[in-house]
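Read through the structure below, which is laid out as structure tokens, and then see the notes.
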Amino acid sequence: MNFNLLDIEFRNPVILSSGPAGNGEEIFKIIPASKLGGFTTKTITLEPKEGNKPPRIVDVYGGIINSIGLQNEGFEKFMNQGIDFLESLDTNIIVSIGGYSKEEFVYMVSTLNKTNFPFIELNLSCPNVKEGKGPIGQDKEVLYNTIKECKKNTSKKIFAKFGPESNLDEMVKVCVDGGIDGITLINCPQGMRIDINTGKPILMRGFGGLSGPAIKPIAVANIFKIKKLFPKLPVIGMGGIINADDVIEFLMAGSNLTGIGTGVMIDPEIPIKIVDELSFKKFSYDNLYSKALK
Amino acid sequence: MFLIKGILISKTVCKDYIVAKFELEKEINVEPGQFLMLTNKTEPVMAKPFSVVSCEKNILTVLIRVIGRFTNFLKNDLMLGDHIYFRGSYGNSYYNTIISKSNYILIGAGCGSAPLLHFEKKYKDSVVKSFYGFRNDEITKIMQNENFFFDEIEKKNIIETAYEYFVKNSENIKGIISSGTFNMNKAVFDKFKNFDLEIYCALDERMGCGVGMCKGCPIKIEKEIKMICKDGPLFDARKIDFNWNEV
């Protein structure tokens, strides 16, 4: 299953998405990193974040809604204490970072340039605090400048992560113009559950990110749409993958890599089961996407 | 295989609770206070955490409050001979968390009583007296215990009942171990905090992964955010920031 993406060798297309598996300390006591194509860290922000108050998780049909609030110990602690463990893992590491301004992204990207991690994923869902605006991923000018500056300051491959926004094609175009190396699709769309006994939202913050099999068709549609518009743009596809058939469907939609997130919360061994199952399937990975176009 | 298959070998149900016994495909060690994640691999997709009442070799007994889709599935749809899957055990043993190791009062509320029943069975020399509180005596249709108390019959809650006992026997008590909802645990702490006692609370929260990686079940301990599944579920109540959870 080995293949090459952006000059980096992958042993298979199965990676862990950012979030549910934290920074790997727990999951890699259960499954071997060496069987995976890659691992994405939990999103790291410049300053530490204690995250949202509970409840942070609620289940829905076919998935969950989470509102973790990017809990992490901050970029400095990550650089001082988190790197050795991740560098010891026998798999490709994708570092997910979340910034509240262009400057925060550029600082973290340039600092990460001295690590051995080949990929950086930009979580663009944070609000632009410096300019008092909404998410950076929704501001074309700031997004373009952020991508351009980040690329200027690193030799790493940079991916930008988006949810299924209505103007997704426009924002991806901005990223491509800024020199992005690839796109990660899809980040969790917004969801909510209300307790019918109290009339109040169940999550403390009200809204959260919907994930799991419930969002799989949305992910497949968005990946397919973007791949058709930008055929050469590498895509990390994710959203509800829990078995090998899901991975094949995402590859057919145009993904180059496939991320598992919520799946590891259901069963931490799911990624390994998928890799094993894929190795038994007899088909060529080369023309999966082209089949979907016919 | 990481998931352990468990066949349902007995089930008794009342309106709000189930006592279910499973035969697991292999023996597992579950210390009192540890929990297991249960899943039926279909819907709801997420595994759910449950404390055990007893685990002897490969026979596991759980007390479950019927509250959502998964517990309704267990109550209404899972038949004798059917199987579900378990993973764990997770969390820390109560016995390893407590300092004095003896002379404790146990206060459980609802299915929060389950891990304390397990604890009392295994570490009976650590327990002076136990109080398991339920709203009414419905539970006695499926489980009996001489230390069950019923709010509607006693006309007071389990914390008051335990407190009255403590006041009369305080010289013999080193600590309190409480298990129930967040608000119940907070009420236990408020009731006993001014006494020279170890107070421990077993916290409950909606969980995601059960092993600490998803950051789904936080609690503030002193100034740090800890995960109930990985760092708990039992915590020194004097270190819990009970105010952090409030809106």
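Brief remarks on what is shown
- Restricting segment A:208-239 to residues that are of a type in the set (Gly, Ala, Ser) and under 19 Å from residue A:67 (Cβ atoms), the residue that is surrounded by the most Cβ atoms within 10 Å (Cβ to Cβ): A:239
- Segment B:98-130 - residue that is among the polar types (S, T, N, Q) and over 23 Å from residue B:48 (Cβ atoms) and, of those, surrounded by the most Cβ atoms within 10 Å (Cβ to Cβ): B:130
- Within segment B:26-43, the presence of at least one residue that is within 14 Å of chain A (Cβ to nearest Cβ) and hydroxyl-bearing (Ser, Thr, Tyr) is confirmed.
- Flag for residue B:165 being surrounded by fewer than 18 Cβ atoms within 10 Å (Cβ to Cβ) and either in contact (Cβ under 8 Å) with a residue 12 or more places away in the chain or in a strand (DSSP E or B) (or both): yes
- Test: residue A:287 is polar (S, T, N, Q), more than 18 Å from residue A:217 (Cβ to Cβ) and buried (at least 19 other Cβ atoms within 10 Å of the Cβ): no
- Residues in segment A:56-75 that are in contact with a Cys (Cβ under 9 Å, 6 or more places away or on another chain) and either without any contact (Cβ under 8 Å) to a residue 24 or more places away in the chain or closer than 10 Å to residue B:216 by Cα (or both): A:56, A:57, A:66, A:68.
- Within segment B:68-86, being within 21 Å of residue A:267 (Cα to Cα), within 14 Å of another protein chain (Cβ to nearest Cβ) and part of a helix (DSSP H, G or I) holds for B:69, B:70, B:71, B:73.
- Taken residue by residue, segment B:112-123 has no member that is more than 14 Å from chain A (Cβ to nearest Cβ) and in a strand (DSSP E or B).
- Scanning segment B:34-53 for residues that are assigned to a strand (DSSP E or B) and either buried (at least 21 other Cβ atoms within 10 Å of the Cβ) or at pLDDT 95 or above (or both) returns B:35, B:36, B:37, B:38, B:48, B:49, B:50, B:51, B:52, B:53.
- Scanning segment B:183-231 for residues that are of a type in the set (Gly, Ala, Ser) and away from chain A (no Cβ under 13 Å) returns B:187, B:202.
- Residue in segment A:45-60 that is surrounded by 24 or more Cβ atoms within 10 Å (Cβ to Cβ), more than 7 Å from chain B (Cβ to nearest Cβ) and within 24 Å of residue A:161 (Cα to Cα) present: no
- Residue in segment A:25-37 that is surrounded by the most Cβ atoms within 10 Å (Cβ to Cβ), counting only those that are more than 15 Å from residue A:263 (Cβ to Cβ) and more than 8 Å from every other protein chain (Cβ to nearest Cβ): A:28
- Residues of segment B:29-86 that are of a type in the set (Asp, Glu) and in contact with a Ser or Thr (Cβ under 8 Å, 6 or more places away or on another chain): B:31 alone.
The values are calculated or read from the model by the stated rules, or taken from the named source; none is laboratory data. Just so you know, these numbers come straight off a predicted model, no measurement behind them. FYI the Cβ positions are ideal-geometry reconstructions off the backbone, even for glycines, and counts take in every protein chain you see.
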